[in-house]
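What follows draws every value from the coordinates through simple rules; no lab data is involved. Nothing here was measured: the structure is a model prediction, and the numbers come from that model. Cβ placement follows ideal geometry from the backbone for every residue including glycine, while neighbour counts extend to all protein chains displayed.
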Amino acid sequence: MATGSYPATRFRRTKRFDAIRRLVRENTLSVDDLIWPVFIRDGEDDETPIPSMPGVSRLTVDRVVKAAREAADLGIPAICLFPYIDTSLKTELCEEAWNPDNLSNRATRAIKDAVPEIAVMTDVALDPYNINGHDGIVRDGVIVNDESVEALVKMAIAQAAAGSDILGPSDMMDGRIGQMRAALEAAGHRDTCILSYSAKYASAFYGPFRDAVGASGLLKGDKKTYQMDPGNTDEALRLVERDLREGADMVMVKPGMPYLDVCRRVAERFDAPLFAYQVSGEYAMISGAAQNGWIDGERAMMESLIAFKRAGCDGILTYFAKDAARLLNG
């Protein structure tokens, strides 16, 4: 790619003032690009701050409905629910995960009744319901794949029946997308979308999230036998291809900022909607540094979000969604 030489070419000409910078900007961020993850808990008209995620709280169902209304009014297209449930409901087999009246399903129905225009995304993974803290069922210290998939399919059907618009399988078990899609078709939930966590890495950046859903103290061992090795990128492409072939409508790379190279490779390889999850650890780093006055929080937030668009993502799951939407709306 050839460019003219100085002084015929002066790159500063197009940087001279805001109007021209906007005209030549290659990538833009809009409210339409955002999905807002929120944590829900039992109770009434209350919320519990999460110490490791400054500014984020677990909300009771009535408050999450209000939050969904606020998000819709800001133009945010989707809200994603993550439940914090009482330890007494966590079991080896995770039966609460497909209870039609569990916390997540009750919140889904309440939001869809009150704010039908916002899309509700739900998490399909067993860790909030698992006494062992894992995304799959544990047998003799091993996270078993096929039995876990059977449980995840039942969970997906219960969420679709409750009104979930987008299912987010985040478990990384083999074959779960194909079995979920077949079960959804058979149950009449043909229009339910699947946004698959296709390339989910065994990352150190999930710590605050595990605090938020009450899984960190229960987790036995680690998740390296089913989540991706941080050194791999070719495998991510194979996983994305498999999930699309099995019936995923959208795919995700998680975490986001440490894996922008993976986002770029997926975007260049596949003509499918691509999302990144700016995970709890990424959020906590920016928010914590801003809280201490070490960085300009708003600028760092927006700079981090445009990075995902620059890498080829169509959208971002981010705890900054509401704050970013307010800035984008002026």
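Sequence-ordered 3J(HN,Hα) estimates for the stretch 189-205 from the Karplus curve with 6.51, -1.76 and 1.60 and θ = phi - 60° stand at 9, 6, 9, 6, 7, 10, 9, 7, 6, 6, 10, 10, 8, 6, 10, 7, 8 Hz, glycine and proline given as x. For residue 198, the residues whose modelled amide H falls within less than 5 Å of its own, excluding neighbours fewer than 5 places apart on the same chain, are 252. The equivalent ellipsoid that matches the C-alpha gyration tensor of the chain spans semi-axes of 34, 23, 19 angstrom, in descending order. Between the stretch 188-213 and the stretch 65-124, the alpha-carbon centres lie 14 Å apart.
Using the average count of surrounding beta-carbon atoms within 10 Å as a protection proxy, the listed peptides 14-22, 141-149 rank, highest first, as 141-149, 14-22. Under 5 Å from the amide H of residue 80 lie the amide H atoms of 36, 38, 121, each residue being 5 or more positions distant or on a separate chain, with H modelled from the backbone and absent for Pro and chain starts. Within the chain, DSSP assigns beta bridges of which about 10% are antiparallel (rounded to the nearest 5).
When the Gaussian network model of the chain links Cα atoms closer than 10 Å, the mean-square fluctuations of 238, 13, 269 top out at 13.
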